[in-house]
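Notes to accompany the following structure.
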């Protein structure tokens, strides 16, 4: 599953979705959050989010394996898995919104 998320990240980092610029106030990047005034494309924002999601899911898996080996406490595992679950639910919700928007645009008459 993590590999499929990484493939999404690589697809978004290409030139397929460039050209749509977001203002610095709605960007989720650290640079824009600091108020540097830089603009990021939609593809960059989605790529960053996909990368962060993959890292969160990987952390949850790692903590689970550490618990099996006796290296992590139950609380750490539960926190990591719950965070991964919330991240996955957010990604699914974003995917659903993107698909709905695409279908709505596809139904528009030209």
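Worth pointing out:
- Qualifying residue in region 63-72 (condition: closer than 24 Å to residue 48 by Cβ and free of Cβ contacts under 8 Å to residues at least 60 places away in the same chain): yes
Here is a yes/no grid of residues against (1) outside any loop (DSSP other than H, G, I, E, B); (2) surrounded by 14 or more Cβ atoms within 10 Å (Cβ to Cβ); (3) at pLDDT below 90:
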| residue | (1), (2), (3) |
| --- | --- |
| 11 | yes, yes, yes |
| 17 | no, yes, yes |
| 31 | yes, no, yes |
| 38 | no, no, yes |
| 65 | yes, no, no |
| 85 | yes, no, no |
| 88 | yes, yes, no |
| 102 | yes, no, no |
| 105 | yes, no, no |
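The values are calculated or read from the model by the stated rules, or taken from the named source; none is laboratory data. Note that the structure is predicted; figures quoted are calculated from it, not measured. Note that each Cβ is placed from the backbone with ideal geometry, even for glycine, and that neighbours are counted across all protein chains shown.
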